[in-house]
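> Before I ask anything, let me first share the structure, which is written out below as structure tokens.
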Amino acid sequence: MQLDTPTLYTSITIAAFAGAFVLIFFMFSLRHRTREIGWSCLLWAFGMLFIAVGTLLTGMRGTIPNELSIVVSNILILWGVWLRPIAVSVFFNKRTFFWVPLGLSIVWTALCQTSFFQEGVHYRVFYMNGSHAIAALFVIWMCYRFNSERLVTARVMAGAFAFEAFAFLLFINHHAFVRYTNFMEAFGGTVTTVYLVLILMTIVVSTMAIAAMCIERIQNRFHEQAMEDMLTGLPNRRAFYEAVEKALTNPRAEIKQYAVVLLDIDHFKKVNDTFGHAMGDAILRLLGLICREAVPATGLSGRIGGEEFAIFLPNTTEDTAGALSHRISQRLLVESATASDKRVEATISAGVVICPAATPFDLAVEGADKCLYDAKRQGRNRTIMHDRTTKVTPERTMFQAPFASLRRST
């Protein structure tokens, strides 16, 4: 197949039509799609349809009226080009800006009524390709600015639009130095061929990229759900352990010692048996919320068992870790009583161990678990701590809060 201009125009038209219909089919067949994914695919598909129809009308210039081959065709292409950054904005859950292509279309229509614009091919090239280049650069900016999920496919999208922006700017530069008297005269040439090849490549790659972005986001959500405790929203045991190991092996963290805090809700089975599992779930959610709010940004918290929670605190002293455990215990006692009209006053037992950074995490957890067992054995509602950072094993210390028994209101 020859890469002449008519062939490339036909290829772009076919690729845009095919991309639109494939993307619509993909969107409706995609399970677990979110609102953002559905609308971004739909907007992108309509953009491809507009580009396809606009390109078809442009290729028919000389055989149909100029109102169709110039004015209407370029309005369709303009809308098609700008629907793509709008689709990307919707994908990232940002505001839409339909007013941009609407305003550009109104200005284009008005300019097409002037004699200098009708006679100057380069003016039309500057206007349309300039607006297209801005749209492409806007997509690139959004793919980096709003890509908090760090989607690899978003970077591919940005790369594709970098080529498209280059194509538009190349075409503008060419027409700035070579003035053509009519469109048919500018129809051929090496620069036009390169321009159309880049546009064709971008249409194919970017349409694949938007679909790949949707798939990657869904896969990431599944991965997050697999690593998250559904009840509390905290990392589950696997996610918590992986995050801690990553922190301990990160040389930039400069961890010299760390604390492990294990929390266990006292008499949790009695809460479930007395008040039902709904109350038990509410207590778990409350403790999860308290941990998320109380643990500093440098620390980690997770739910690692039924009613057992864990906290990792890098570069933390015994006093700081003990005070944090005490604050969490007090908040749970007060807020559980308030939320349940004093039917349940939940308390926790805690085990805290302070270890050198070289201590394997599973051994630190084992030590914290022994302290937690001692706290349970000594009457619950207390924190037992052990510091392993000193050469001589120190005496264990204890924070104790007033015991509050679980009881049913009368």
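The values are calculated or read from the model by the stated rules, or taken from the named source; none is laboratory data. All values derive from a computational prediction rather than experimental measurement. Cβ: placed from backbone, ideal geometry, glycine included. Neighbour counts: every protein chain shown.
> Of everything in region 220-237, what is at pLDDT 90 or above and assigned to a helix (DSSP H, G or I)? Give them in sequence order.
Answer for region 220-237, where residues must be at pLDDT 90 or above and assigned to a helix (DSSP H, G or I): just Arg237.
> How many residues are among the hydrophobic types (A, V, I, L, M, F, W, C), under 26 Å from Ser73 (Cβ atoms) and assigned to a helix (DSSP H, G or I) when one looks only at region 1-38?
Restricting attention to region 1-38, the residues satisfying the condition of being among the hydrophobic types (A, V, I, L, M, F, W, C) are 1, 3, 8, 12, 14-18, 20-28, 30, 37.
Now drop any that are not under 26 Å from Ser73 (Cβ atoms), which leaves 1, 3, 8, 12, 14-18, 20-24.
Applying the additional criterion that residues be assigned to a helix (DSSP H, G or I) yields 8, 12, 14-18, 20-24.
Going through region 1-38 one residue at a time, the tally reaches 12.
> Please verify whether Leu289 is within 19 Å of Met227 (Cα to Cα), in the same structural domain as Asn381 (by TED's automatic domain parsing) and surrounded by 14 or more Cβ atoms within 10 Å (Cβ to Cβ), treating the condition exactly as stated. Working first, answer last.
Working: within 19 Å of Met227 (Cα to Cα): yes; in the same structural domain as Asn381 (by TED's automatic domain parsing): yes; surrounded by 14 or more Cβ atoms within 10 Å (Cβ to Cβ): yes.
Answer is yes for this residue.
> For region 239-254, which positions are modelled with pLDDT under 90 and either surrounded by 13 or more Cβ atoms within 10 Å (Cβ to Cβ) or under 16 Å from the mean Cα position of the chain (by Cα) (or both)?
Once the filter is applied, which keeps residues that are modelled with pLDDT under 90 and either surrounded by 13 or more Cβ atoms within 10 Å (Cβ to Cβ) or under 16 Å from the mean Cα position of the chain (by Cα) (or both), region 239-254 yields only Ala253.
> Residue by residue through region 137-158, note down the ones that are touching a residue at least 40 places away in the same chain (Cβ under 8 Å) and either in contact with a strand residue (DSSP E or B) (Cβ under 6 Å, 6 or more places away or on another chain) or not polar (S, T, N, Q) (or both).
Pass one, region 137-158, residues touching a residue at least 40 places away in the same chain (Cβ under 8 Å): 138-139, 142-143, 146-147, 149, 151-154, 156-157.
Answer for region 137-158, where residues must be touching a residue at least 40 places away in the same chain (Cβ under 8 Å) and either in contact with a strand residue (DSSP E or B) (Cβ under 6 Å, 6 or more places away or on another chain) or not polar (S, T, N, Q) (or both): Phe138, Val139, Met142, Cys143, Phe146, Glu149, Leu151, Val152, Ala154, Val156, Met157.
> Kindly indicate the residue of region 63-97 that is free of Cβ contacts under 8 Å to residues at least 40 places away in the same chain and under 28 Å from Cys214 (Cα atoms) and also farthest from the chain's Cα centre (by Cα) among those meeting that condition.
Leu76
> Only one of (1) surrounded by 21 or more Cβ atoms within 10 Å (Cβ to Cβ); (2) farther than 19 Å from Gly233 by Cβ; (3) of a type in the set (Ser, Thr, Tyr) fails for Thr359. Which number is that?
Among (1) surrounded by 21 or more Cβ atoms within 10 Å (Cβ to Cβ); (2) farther than 19 Å from Gly233 by Cβ; (3) of a type in the set (Ser, Thr, Tyr), Thr359 violates only (1).
> When residues of region 305-332 are filtered for being surrounded by fewer than 19 Cβ atoms within 10 Å (Cβ to Cβ) and either within 26 Å of the chain's Cα centre (by Cα) or farther than 21 Å from Ala253 by Cα (or both), how many remain?
The qualifying residues number 9.
> Test Ile283 against the criterion of being touching a strand residue (DSSP E or B) at 6+ places or on another chain (Cβ under 8 Å) and within 22 Å of Asp369 (Cβ to Cβ), and give yes or no. Outline the logic, then answer.
On the way: touching a strand residue (DSSP E or B) at 6+ places or on another chain (Cβ under 8 Å): yes; within 22 Å of Asp369 (Cβ to Cβ): yes.
It is true that Ile283 is touching a strand residue (DSSP E or B) at 6+ places or on another chain (Cβ under 8 Å) and within 22 Å of Asp369 (Cβ to Cβ).
> Related question: Any residue at all in region 384-405 that's in the same structural domain as Val244 (by TED's automatic domain parsing), modelled with pLDDT of 90 or more and in contact with a His (Cβ under 9 Å, 6 or more places away or on another chain)?
No, region 384-405 contains no residue that is in the same structural domain as Val244 (by TED's automatic domain parsing), modelled with pLDDT of 90 or more and in contact with a His (Cβ under 9 Å, 6 or more places away or on another chain).
> Could you tell me how many of the residues in region 306-327 are in contact with a Cys (Cβ under 8 Å, 6 or more places away or on another chain) and within 17 Å of Lys376 (Cα to Cα)? Give the steps one after another, and end with the answer.
If we filter region 306-327 for residues that are in contact with a Cys (Cβ under 8 Å, 6 or more places away or on another chain), which is where we start, we get 309, 311.
Now drop any that are not within 17 Å of Lys376 (Cα to Cα), which leaves 309.
So the count comes out to 1.
> Among Thr202, Thr193, which is over 31 Å from the mean Cα position of the chain (by Cα), among the polar types (S, T, N, Q) and assigned to a helix (DSSP H, G or I)? Walk me through it before giving the result.
Details: Thr202 fails: over 31 Å from the mean Cα position of the chain (by Cα).
Going through Thr202, Thr193 in turn, just one is over 31 Å from the mean Cα position of the chain (by Cα), among the polar types (S, T, N, Q) and assigned to a helix (DSSP H, G or I): Thr193.
> Here's something else I'd like to know. Please specify each residue of region 108-122 satisfying the condition of being touching a helix residue (DSSP H, G or I) at 6+ places or on another chain (Cβ under 8 Å), of a type in the set (Val, Ile, Thr) and surrounded by fewer than 16 Cβ atoms within 10 Å (Cβ to Cβ).
Result: Thr109, single match.
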